Structure formats: structure tokens, C-alpha cells
1. Test each condition in (1) more than 23 Å from residue 2 (Cβ to Cβ); (2) modelled with pLDDT of 90 or more for residue 157 and report the one that comes out false.
2. Out of the residues in the range 3-20 meeting the condition of being in a strand (DSSP E or B) and within 12 Å of the ligand (Cβ to nearest atom), tell me which one is surrounded by the fewest Cβ atoms within 10 Å (Cβ to Cβ).
3. Taking residue 172 as meeting all but one of (1) out of contact with any strand residue (DSSP E or B) (no Cβ under 6 Å at 6 or more places or on another chain); (2) surrounded by 18 or more Cβ atoms within 10 Å (Cβ to Cβ), write down the number of the exception.
4. Can you name every residue in the range 282-328 that is part of a loop (DSSP other than H, G, I, E, B) and in contact (Cβ under 8 Å) with a residue 60 or more places away in the chain?
5. Please verify whether residue 191 is at pLDDT 90 or above, within 16 Å of the chain's Cα centre (by Cα) and surrounded by 15 or more Cβ atoms within 10 Å (Cβ to Cβ), treating the condition exactly as stated.
6. I'd like to verify a number: residues in the range 29-69 that are surrounded by 16 or more Cβ atoms within 10 Å (Cβ to Cβ), more than 16 Å from the ligand (Cβ to nearest atom) and farther than 24 Å from residue 180 by Cβ, how many?
7. Looking at the range 206-217, is at least one residue away from the ligand (no atom under 16 Å from the Cβ) and either in a loop (DSSP other than H, G, I, E, B) or in contact (Cβ under 8 Å) with a residue 24 or more places away in the chain (or both)?
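The values are calculated or read from the model by the stated rules, or taken from the named source; none is laboratory data. Computed from a predicted structure; not experimentally measured. Here the Cβ positions follow ideal geometry from the backbone for every residue, glycine too, while neighbour counts run over all protein chains shown.
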Ligand code: ATP
């Protein structure tokens, strides 16, 4: 089976800006794929290239084995859910959801049937006659999703679709989206700058920086084995240890990452450090430490005593928990 999405050496430049730079990427059919990275790193441009709203400056793009050269957006088997939902305020919900079908000349009865089915998928049955202004933000988000699913695309592109929702709703929608993706077996390509969201939802994650992919892998790979300092810094609250310090531990002059949960407080051995801050997280407490000026975060599980600021503690970690990596 061909890849759902295949980028071969794709670049998209805007004048001097290399929004996407010589990118190779393969997304498998049925995969939930997240594009993660800071603002301006090229994620949206990547989605727009897949959707056909943007053309590559150079390189080759295929969707399910078909070249996309010269194929306009409406002829691609792809739909997009935008962050701002882009619903038409003067149309009711059913008309909004059925809009793409109307454009394609599908008859009214069939359109309404398909819209009703899509609204059921997103758990909004019976909302067809309302207007967007009569729905909550979370409901509007579901309508945008129903509209993108109505003509059963093979690839669904989601550009920060949960960005406008409050935390609780966001977490609920994250789970629902995952269930929906599994049920429908559609390839999802999800753009976010929220690392927690990417790690919890995706089968694989690509970490973007400056138009390039720094690493692509499973959430576990990306979190536990960041290949570079950039990925370690961006994904999660890893401690990044500089080469001079790592050299004293391993003899190798390399950067290393150390996950906060790998640091333990001990009675003897290890290193002497000062506690400098505590943040209560409910299930645990994040402890800020200074080890000869090197700032580290540790996690103290619930029920264990939390050192006070200024207190001297001994800390240690398993040598295997140190993950060596490149500088950039
Ligand atoms: P965000 O998370 O803020 O949406 P992003 O990772 O999606 O960021 P892009 O929107 O893909 O990043 O932008 C990548 C780079 O390309 C940025 O430097 C941006 O300013 C530039 N860029 C994107 N579209 C255009 C355009 N139409 N004209 C000029 N520059 C553009």
C-alpha cells in the first residue's frame, strides 16, 4: 500500500524565508500523525502543501501514491479543520456541514442525509437546524469537524483544532478525536505547538524547527530518546546537561538530557544540591534544584517529603537515565 502522504525533497520558500526546507516525510495510511514545533517552524505550510493551498517551490508530493502536481485542492481526497472553524454564520448547521457536498453538486436529500450522519459522528445529532451563533465554542468545533468529515476524505488535516477551547474541553476533545480517528480509519495529520497534546494523541510525532524536521518517531522515542538538544528542550520539561558536566560523569563531551522523574532524593552518595523551588502539581510536586549552579527539575511523588527552599539535599540518578545527544 502506498504512503498516505509522501514528501520527497520538498521546499517552499517565500522570498528569503525557507518555510519548508528540503523535507522528506512519509505518513502511513490510518496513522494519527502530529506535527509539533514552535511558531514559524513550518507546520502550517506543510499542511497547506498537502491540502493544495500552497505549491512546493521544488520537490515532489504524493497522496496515496498519486502525484499532486497540478491537482487543485478540491480534487484532493483531503479536508482541513481550521483553528477558527470558519463556519458560515448565515447558514444553519446542516447547511454548513453539507457545504462541501453542495459545491460538488450532490443533491439536497443526499446532502442532508450525509450531514446528519456526520453530526452523529461528532455527537451533535439533532443540531442541524441551529445557527453557529447558537452553539458553544466546543460545539462549533465539532461542527467544523463534521463538515470536514462529511465527504469522507482519506486524509484529514487539523490545524491547531483545539486551540480555542478551554483546558477541560480540550482534553475531552483530544480523547474524542482519537476515538473518532480509530473508528473511521482516516489518516489524521494534526498540527500543534502543544507537546503534551502531540505526545498523548499521536502514533508518531515530527518535531519541526526552521522548516526542517529535527526528529520523527513515536511519542516514546521523542520523549525518552530526543536526538538533539532542541528536541529535548522542546518536548517536555527535560533537564539538559552541558558537555562539561556530562564529561565528568561519562568521559564523553556531549550534551545529555535527564528526565525529572529519573532524579531521586537519597540519603547518601550522589550529588549535593540546593532546593530552590516547589510547584505542587496534584499527583506530585516539581522540585527546582541547583547543582553547583546547574538548574535541574526533579519530581517528588505524592506522600514523600518535599525539601524546602534553601535546604541541602542529596540527589542521584541511574546512569542509564542519561540520554546523550547532539548539540543542536
Ligand atoms: P504557527 O505555529 O505560528 O502557525 P507554523 O509552524 O505553522 O507557525 P508557518 O505558518 O508554516 O509556521 O510559517 C513558516 C514560515 O514561513 C514563517 O517564517 C512564516 O512567516 C513564513 N510564511 C508562511 N506563509 C507565508 C507567506 N504566504 N508569505 C511569506 N512568508 C510566509
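1. Of everything listed in (1) more than 23 Å from residue 2 (Cβ to Cβ); (2) modelled with pLDDT of 90 or more, residue 157 misses just condition (1).
2. That would be 14.
3. (2)
4. Correct list: 322, 327, 328.
5. The answer is yes for residue 191.
6. Matching residues across the range 29-69 total 2.
7. no
For every residue, the table says whether it meets (1) within 24 Å of the chain's Cα centre (by Cα); (2) assigned to a helix (DSSP H, G or I).
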{"residue": "1", "(1), (2)": "no, no"}
{"residue": "22", "(1), (2)": "yes, no"}
{"residue": "26", "(1), (2)": "yes, no"}
{"residue": "35", "(1), (2)": "yes, no"}
{"residue": "54", "(1), (2)": "yes, no"}
{"residue": "99", "(1), (2)": "no, yes"}
